[in-house]
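Chemist: Sharing a structure here in structure tokens format.
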Amino acid sequence: MANEGILLQVSAFSGLIGALLTQGLTGLFSYLSDKRKVNSELKSTYRNKQVEIAENFYFVTGEKMAVLKKNIDYWKNYNNTRSDKSLDFLNQELKKLKAYMNQLDKENWKYNLIGLYFDVSLNNEQVIASNLRSKALFLKILDLTDEIKHALPESRNDLIDLYGEAINEICWHYEEIVVKMQTDMEKVKIGLLQQLT
């Protein structure tokens, strides 16, 4: 009888251990499954946001490259001797391009988030530095234009030469920016393809 009592106790105890072990393993598997599901959802959310930012980056960068290329063409046209009317037309076109660039920047705040998802060369600091250089070069051209208008005939040719150099300098500056933008677009494309494969 004593053996039967011990056998019943061992049997009840092993049943309890089996139930606890089953519940523990069920809880562990459920936890691991939930953790895997959460990780999968986070990766999916990250990938979707990355694609959204990349698409916005492609659109804005493509538009800005087109504007910069038009700017380069206008500046190269500016370098030729022009009448006041044609210069006024070029000035109006440059103002339109600048307004469009400002509109792109204002309406596409996601463009500035590209550095969070991809390693691009034109980060915010470089864009600010580039914009400051563009403004400095533009002001130099405006100053030379004004000096040419008010110059004495004997110093006019020297100022026109300086003006031509300033135009070339701003064109080179814009061309460098376009190359960096193209490089960044390629980096984003490669990075996005790596995420999707």
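The values are calculated or read from the model by the stated rules, or taken from the named source; none is laboratory data. Every value quoted in this text rests on a predicted model; they were computed, and no experiment measured them. Cβ atoms come from the backbone with ideal geometry, glycine included; neighbour counts cover every protein chain shown. Areas reflect the complete protein model, heavy atoms only, side chains present, ligands, DNA and RNA absent. Shrake-Rupley method; radii C 1.70, N 1.55, O 1.52, S 1.80 Å.
Chemist: Residue check: is K180 among the basic types (K, R) and within 20 Å of E125 (Cβ to Cβ)?
Modeler: Spelling it out, K180 is indeed among the basic types (K, R) and within 20 Å of E125 (Cβ to Cβ).
Chemist: Go through segment 88-123 and give me each residue that's in a helix (DSSP H, G or I), among the hydroxyl-bearing types (S, T, Y) and in contact (Cβ under 8 Å) with a residue 40 or more places away in the chain.
Modeler: Y111, Y117
Chemist: Considering every residue within segment 128-151, establish whether at least one is under 24 Å from K187 (Cβ atoms), touching a residue at least 60 places away in the same chain (Cβ under 8 Å) and part of a helix (DSSP H, G or I).
Modeler: There is no residue in segment 128-151 that is under 24 Å from K187 (Cβ atoms), touching a residue at least 60 places away in the same chain (Cβ under 8 Å) and part of a helix (DSSP H, G or I).
Chemist: Now, a different point. Please work out if A99 is of a type in the set (G, A, S) and modelled with pLDDT under 85.
Modeler: So A99 fits the description; yes.
Chemist: Could you tell me how many of the residues in segment 116-128 are of a type in the set (A, V, I, L, M, F, W, C), open to solvent by less than 80 Å² (accessible area, probe 1.4 Å) and either modelled with pLDDT of 90 or more or over 18 Å from V179 (Cα atoms) (or both)?
Modeler: Summing the residues that are of a type in the set (A, V, I, L, M, F, W, C), open to solvent by less than 80 Å² (accessible area, probe 1.4 Å) and either modelled with pLDDT of 90 or more or over 18 Å from V179 (Cα atoms) (or both) in segment 116-128 gives 0.
Chemist: Shifting gears a bit: Examine segment 172-182 for a residue that is open to solvent by 60 Å² or more (accessible area, probe 1.4 Å), touching a residue at least 24 places away in the same chain (Cβ under 8 Å) and either outside any helix (DSSP H, G or I) or among the hydroxyl-bearing types (S, T, Y) (or both), and state whether such a residue exists.
Modeler: no
Chemist: Say we look at segment 58-83 and pick out the residues that are farther than 14 Å from I141 by Cβ and either of a type in the set (V, I, T) or touching a strand residue (DSSP E or B) at 6+ places or on another chain (Cβ under 7 Å) (or both); which of these is modelled with the lowest pLDDT?
Modeler: T81
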